[in-house]
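The structure appears below as structure tokens.
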Amino acid sequence: MNTFASITRTRRLIWTGIIIGLLPAPAFIAIRIVNSNPRTIGEIVGSVALGAAVALPVVYAWLSLDRRSGLLPVAAAGAVIVGVFSLVTLAPWVLVALIWWGAARRRVPQQQHGLTGALHRAALIVLIVGAFAVLFVHADPVCTQTLRDGTVDTIDAHAQGFASGWSFSVGGSVETSTGASGDVVSSSCASDTIVLGEALASLTISAVAIALAARWPANLRIPPPQAGSDTRMEV
């Protein structure tokens, strides 16, 4: 395979993983907003923050196209992490990770090595975990009741038997009752919701992760191909 064909094929692999990885982000945002009950500002912004966290490996892979081949293995590891956090989409994310890992093996080794490179990679992976974890490390229960005139009031969740505190849980249970007494038509309680502070913290972590990935040094020189192999070329 000549050099141009190798570069083209590798870029296609990377873009294939990017396209597959982009699909879950808007789906996560839409599903969470539609299913959130109660639909608070924290849940809406939190859904956007969750979508941003899901898209981080895709951003890493996209940035790797600009002579940053060292970001591809990090993107592959991030794809597995995202899949673990959202088990329903684990299989597609594992496929994306394998695609990016295969593409990384065809490219020129990145020049950032040693302790600095290891810390840079570790920070990018930890930030993906952090963008997810900060959304769910604290239980924030919310209870609401809908009155006959359509008014929705927030009521004390603790009085309904729900406790808040530091406890990691991806998602929470929801209890809904209808036909309540008096002016109350229905009531609903969520054992854990995303509050605005958690959502903003997650968005901040995602922004830091993207900024740090953008600072990954680009390969400025393409080493000559080794004898018998011209497939590991910079793209």
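The values are calculated or read from the model by the stated rules, or taken from the named source; none is laboratory data. Just so it is clear, the model here is predicted, and its values are computed rather than measured. Positions of Cβ are backbone-derived with ideal geometry, glycine not excepted, and every protein chain shown enters the neighbour counts.
A few comments on the model shown:
- Every condition in (1) more than 26 Å from Ala199 (Cα to Cα); (2) in contact with a Ser or Thr (Cβ under 9 Å, 6 or more places away or on another chain) holds for Ala52 except the one numbered (1).
- Residues considered: Ile20, Ile7. Of these, the only one that is assigned to a helix (DSSP H, G or I), among the aliphatic types (A, V, I, L, M) and at pLDDT below 90 is Ile7.
- Some residue of region 28-37 being among the hydrophobic types (A, V, I, L, M, F, W, C), part of a helix (DSSP H, G or I) and touching a residue at least 24 places away in the same chain (Cβ under 8 Å): yes
- Residue match in region 30-43 (condition: surrounded by fewer than 23 Cβ atoms within 10 Å (Cβ to Cβ), of a type in the set (A, V, I, L, M, F, W, C) and within 22 Å of Val126 (Cα to Cα)): no
- Count of residues meeting criterion [at pLDDT 70 or above and outside any helix (DSSP H, G or I)] in region 111-149: 13
- Among the residues examined, Val152 does not qualify as of a type in the set (A, V, I, L, M), surrounded by 12 or more Cβ atoms within 10 Å (Cβ to Cβ) and at pLDDT 90 or above.
- Whenever a residue of region 120-135 is of a type in the set (Gly, Ala, Ser), its partners that are part of a helix (DSSP H, G or I) and surrounded by fewer than 19 Cβ atoms within 10 Å (Cβ to Cβ), lying with C-beta atoms within less than 8 angstrom and at least six residues away or across chains, give the pairs Ala123/Leu212.
- Qualifying residue in region 72-80 (condition: free of Cβ contacts under 8 Å to residues at least 12 places away in the same chain, surrounded by fewer than 22 Cβ atoms within 10 Å (Cβ to Cβ) and under 28 Å from Ile194 (Cβ atoms)): no
- Number of positions in region 50-103 that are modelled with pLDDT of 90 or more and in contact with a Lys or Arg (Cβ under 6 Å, 6 or more places away or on another chain): 1
- Considering Gly114, Gly102, the condition of being without any contact (Cβ under 8 Å) to a residue 24 or more places away in the chain, over 30 Å from Ser164 (Cα atoms) and more than 18 Å from the chain's Cα centre (by Cα) is satisfied by Gly114 alone.
Per-residue answers, yes or no, for (1) at pLDDT 90 or above; (2) under 30 Å from Val58 (Cα atoms):
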site: Gly171; (1), (2): no, yes
site: Asp183; (1), (2): no, no
site: Ser188; (1), (2): no, no
site: Thr193; (1), (2): no, yes
site: Leu196; (1), (2): yes, yes
site: Thr204; (1), (2): yes, yes
